[in-house]
Amino acid sequence: MARWEPDAAGRLREAAMSLYAEQGYDGTTVAQIADRAGVTARTFFRHFADKREVLFAGSEELEQRMVEALLAAPESASPMDAIEAALLAAADLFVDRRDYSRRRQAVITATPELREREFIKMASLAAAFTDALGRRGVAPDLASLAAETSVAVFRVSFERWVADPSDPDLADVMRKTLANLSGLTG
């Protein structure tokens with residue numbers, strides 16, 4: 001096996017995505033993913049805890065980047081302005097990843113277990129935002145409302161972005177979704 005080739009994690013992600021598309025998530029094994037990527041199952045487990053985590057690796061980095069941007073927003077920023085900074089920081093991580101994001105979203109949408117894992121990821125993000133807004137001095141009830149709203153904006157924006165055939169910029173989609181929210185509440 002070609003264990004010495006670079007970017008084993010990237011090859012494993014691509015192999016998993018291809019297999020998930022071909023035979024479904026449930027019909028794919030770790031051994032098949034490793035074989036397709038040209039590595040051993042042991043190498044797979046050095047990079048991912050299980051076949052589900054192939055799709056969710058990087059969630060911590062996304063959350064961390066978003067929280068850092070929220071906390072770095074100017075002190076004068078409203079909670080929703082700080083949230084906007086966090087959302088736009090997330091968009092930077094998805095530059096040049098639209099095709100992968102589309103394929104990933106299709107696998108998650110088709111698999112109840114993965115949809116549940118995605119909800120858990122979003123709940124973790126909401127909790128992190130609530131905490132960060134609290135550190136900015138936002139009252140707990142408002143922090144929670146803003147955090148939950150931000151997760152809805154992120155999810156709606158992301159779904160619009162992967163589905164839009166005109167290839168928009170994710171940051172632009174997020175700004176439009178925030179403007180739509182403002183119109184709803186204004």
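The values are calculated or read from the model by the stated rules, or taken from the named source; none is laboratory data. Keep in mind it's a predicted model, so treat the numbers as computed, not measured. Counting neighbours? That spans all protein chains shown, and the Cβs are built from the backbone with ideal geometry, glycine included.
Hey, could you check the stretch 4-31 for residues that are at pLDDT below 90 and loosely packed, with under 11 Cβ neighbours inside 10 Å and say which is nearest to Asp50 (Cα to Cα)?
Asp7
Being in contact with a Lys or Arg (Cβ under 8 Å, 6 or more places away or on another chain) and either at pLDDT 95 or above or assigned to a helix (DSSP H, G or I) (or both) narrows it down to one of Arg155, Arg117, so name that one. Even if it seems obvious, please write down each step before you answer.
On the way: Arg155 fails: in contact with a Lys or Arg (Cβ under 8 Å, 6 or more places away or on another chain).
Result: Arg117 is the single residue among Arg155, Arg117 that is in contact with a Lys or Arg (Cβ under 8 Å, 6 or more places away or on another chain) and either at pLDDT 95 or above or assigned to a helix (DSSP H, G or I) (or both).
Can you find a residue in the stretch 138-153 that is of a type in the set (D, E, K, R) and touching a residue at least 40 places away in the same chain (Cβ under 8 Å)?
Within the stretch 138-153, none of the residues are of a type in the set (D, E, K, R) and touching a residue at least 40 places away in the same chain (Cβ under 8 Å).
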